1. How about segment 33-81: which of its residues are out of contact with any helix residue (DSSP H, G or I) (no Cβ under 9 Å at 6 or more places or on another chain), more than 26 Å from residue 122 (Cβ to Cβ) and assigned to a helix (DSSP H, G or I)?
2. Only one of 6, 69, 20 is more than 16 Å from residue 117 (Cα to Cα), in contact with a strand residue (DSSP E or B) (Cβ under 9 Å, 6 or more places away or on another chain) and either touching a residue at least 24 places away in the same chain (Cβ under 8 Å) or surrounded by fewer than 16 Cβ atoms within 10 Å (Cβ to Cβ) (or both). Can you tell me which?
3. Mind listing whichever residues of segment 87-107 are surrounded by 15 or more Cβ atoms within 10 Å (Cβ to Cβ) and closer than 13 Å to residue 124 by Cα?
4. Looking only at segment 5-32, which residues are touching a helix residue (DSSP H, G or I) at 6+ places or on another chain (Cβ under 7 Å), closer than 15 Å to residue 73 by Cβ and in a helix (DSSP H, G or I)?
5. Name the one entry in 134, 94 that is outside any strand (DSSP E or B) and touching a residue at least 60 places away in the same chain (Cβ under 8 Å).
6. Would you please name the residue that is farthest from residue 82 (Cα to Cα), looking only at residues in segment 41-53 that are buried (at least 16 other Cβ atoms within 10 Å of the Cβ) and in contact (Cβ under 8 Å) with a residue 24 or more places away in the chain?
7. Quick one: would you say residue 79 is modelled with pLDDT of 95 or more, under 16 Å from residue 33 (Cβ atoms) and buried (at least 18 other Cβ atoms within 10 Å of the Cβ)?
């Protein structure tokens, strides 16, 4: 595991299950699904295509702070669209840089026009920590002659 590894490696490890919601669904339904699946964002999918992303941050800023009703507001009105996406060929490092620059925490992964998965900042941090732990273990084994 290295920061130059590709997103496809992360998806192979974590799986590519995608939690999604329709743009016409009430925001309340999206928040319920996020809580149920223990995720911070959902892909918004319309007719099989990625229409955007909805996150807890969207909910806090565009519903709660504006005094709107989550049961009456459709996802389409608050989702982030178009979504910033990556491909399976992007590296962990490129994704971390993109998330930092765009101030986002989730990236849909598009493979030839198809939504292949969603990665989070947590996935990237976990991958990076594991990569560093493996490097340290290799160096320790080399130094102690157990290599």
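1. 76
2. Every option except 69 fails the conditions.
3. Listed by number, the residues that qualify are 90, 91, 92, 94, 95, 96, 98, 99, 104, 105, 106, 107.
4. Matches in segment 5-32: 27, 30, 31.
5. Numbers: 94 fails: touching a residue at least 60 places away in the same chain (Cβ under 8 Å).
The conditions single out 134.
6. Residues of segment 41-53 buried (at least 16 other Cβ atoms within 10 Å of the Cβ): 41-45, 50-53.
This time we only want the ones that are in contact (Cβ under 8 Å) with a residue 24 or more places away in the chain, so: 41, 43-45, 50-53.
Working: 41: 15, 43: 11, 44: 10, 45: 12, 50: 9, 51: 7, 52: 5, 53: 8 Å.
So, considering only residues that are buried (at least 16 other Cβ atoms within 10 Å of the Cβ) and in contact (Cβ under 8 Å) with a residue 24 or more places away in the chain, the one farthest from residue 82 (Cα to Cα) is 41.
7. Working: modelled with pLDDT of 95 or more: yes; under 16 Å from residue 33 (Cβ atoms): yes; buried (at least 18 other Cβ atoms within 10 Å of the Cβ): yes.
The answer is yes for residue 79.
The values are calculated or read from the model by the stated rules, or taken from the named source; none is laboratory data. The structure displayed is predicted, hence computed values, not measured ones. So basically every Cβ, Gly included, is an ideal-geometry build from the backbone, and we count neighbours across all protein chains shown.
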